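Undergrad: The structure is given below, and queries will be raised subsequently.
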Amino acid sequence: MVEDFNSNQTHKTPVLVYHGTDAIKGEKIITKGIDVRLGVGELGLGFYAAFNILEAIEWARTVSENTGNSPVIVKFAIDSL
(Lines give C-alpha, C1' and ligand atoms only; values in the text may rest on other atoms or scores of the structure.)
Protein backbone atom coordinates (compact mmCIF):
# COMPACT_ATOMS: atom_id res chain seq x y z
CA MET A 1 0.00 0.00 0.00
CA VAL A 2 1.31 3.43 -0.92
CA GLU A 3 0.23 6.41 1.15
CA ASP A 4 0.72 10.06 0.26
CA PHE A 5 2.27 11.57 3.38
CA ASN A 6 2.08 15.03 1.82
CA SER A 7 -1.71 15.05 1.56
CA ASN A 8 -3.70 17.58 3.53
CA GLN A 9 -5.93 15.02 5.21
CA THR A 10 -6.66 16.09 8.77
CA HIS A 11 -8.25 12.87 10.05
CA LYS A 12 -5.77 10.05 9.57
CA THR A 13 -6.16 6.81 11.47
CA PRO A 14 -3.46 6.48 14.15
CA VAL A 15 -0.87 3.74 13.72
CA LEU A 16 -0.83 1.22 16.58
CA VAL A 17 2.48 -0.10 17.90
CA TYR A 18 3.15 -2.41 20.83
CA HIS A 19 5.96 -2.51 23.39
CA GLY A 20 6.59 -5.77 25.24
CA THR A 21 8.06 -5.50 28.72
CA ASP A 22 7.39 -6.53 32.31
CA ALA A 23 4.82 -5.10 34.71
CA ILE A 24 7.28 -2.92 36.63
CA LYS A 25 8.77 -1.33 33.52
CA GLY A 26 5.35 -1.01 31.89
CA GLU A 27 4.04 0.95 34.87
CA LYS A 28 7.05 3.29 34.69
CA ILE A 29 6.44 3.90 30.99
CA ILE A 30 2.80 4.77 31.69
CA THR A 31 3.48 7.02 34.70
CA LYS A 32 6.83 8.61 33.79
CA GLY A 33 7.08 8.30 30.01
CA ILE A 34 9.68 6.75 27.76
CA ASP A 35 13.36 7.12 28.62
CA VAL A 36 15.40 5.84 25.67
CA ARG A 37 18.54 5.79 27.82
CA LEU A 38 17.14 2.82 29.77
CA GLY A 39 16.47 0.52 26.82
CA VAL A 40 18.81 -2.38 26.14
CA GLY A 41 17.16 -4.22 23.25
CA GLU A 42 18.81 -6.60 20.83
CA LEU A 43 19.82 -3.68 18.62
CA GLY A 44 21.35 -1.61 21.42
CA LEU A 45 20.30 1.43 23.38
CA GLY A 46 16.83 2.78 22.56
CA PHE A 47 13.10 2.18 22.80
CA TYR A 48 11.55 -0.51 20.63
CA ALA A 49 7.98 -1.07 19.53
CA ALA A 50 6.48 -3.52 17.05
CA PHE A 51 3.67 -3.21 14.56
CA ASN A 52 2.92 -6.89 15.17
CA ILE A 53 1.52 -7.56 18.67
CA LEU A 54 2.81 -11.16 18.54
CA GLU A 55 6.39 -9.85 18.39
CA ALA A 56 5.72 -7.64 21.42
CA ILE A 57 4.20 -10.59 23.30
CA GLU A 58 7.28 -12.70 22.63
CA TRP A 59 9.58 -9.94 23.84
CA ALA A 60 7.42 -9.38 26.96
CA ARG A 61 7.77 -13.08 27.78
CA THR A 62 11.54 -12.88 27.38
CA VAL A 63 11.81 -9.80 29.60
CA SER A 64 9.53 -11.27 32.27
CA GLU A 65 11.52 -14.52 32.35
CA ASN A 66 14.66 -12.48 33.03
CA THR A 67 13.09 -10.25 35.71
CA GLY A 68 10.56 -12.59 37.33
CA ASN A 69 7.77 -10.03 36.85
CA SER A 70 4.57 -10.50 34.85
CA PRO A 71 4.73 -9.79 31.10
CA VAL A 72 2.75 -6.81 29.80
CA ILE A 73 2.14 -5.06 26.50
CA VAL A 74 1.98 -1.26 26.31
CA LYS A 75 -0.02 -0.09 23.29
CA PHE A 76 0.72 3.26 21.61
CA ALA A 77 -1.37 5.10 19.04
CA ILE A 78 0.90 7.29 16.89
CA ASP A 79 -0.68 10.07 14.87
CA SER A 80 1.82 9.73 12.02
CA LEU A 81 5.15 8.13 11.17
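Undergrad: Measuring from label point to label point, each 7 Å out along Cα→Cβ, what is the LEU38 to GLU58 span in nm?
TA: The answer from the label model is 2.5 nm.
Undergrad: What do you reckon, how do THR13, THR67 stack up by accessible area (1.4 Å probe), largest on top?
TA: On the way: THR13 115, THR67 60 Å².
The ranking, largest first, comes out as THR13, THR67.
Undergrad: Quote the FRET efficiency, to the nearest 0.05, computed for GLU65 versus VAL15 with a Förster distance R0 of 30 Å and r equal to the Cβ-Cβ distance. Kindly include the intermediate steps, with their values, before the conclusion.
TA: Details: r = 29 Å, r/R0 = 0.96.
Step by step, r from the Cβ atoms, then E = 0.55.
Undergrad: Which value, in Å² rounded to 10, gives the accessible area of SER70 with a 1.4 Å probe and all protein chains present?
TA: For SER70, the solvent-accessible surface is approximately 70 Å².
The values are calculated or read from the model by the stated rules, or taken from the named source; none is laboratory data. Values in this document were obtained by computation on a predicted structure and should not be read as measured data. Please note: Cβ atoms are built from the backbone with ideal geometry, for glycine as well, and neighbour counts cover all protein chains shown. Just the protein is used for accessible areas: all its heavy atoms, side chains included, with ligands, DNA and RNA removed. Shrake-Rupley method; radii C 1.70, N 1.55, O 1.52, S 1.80 Å.
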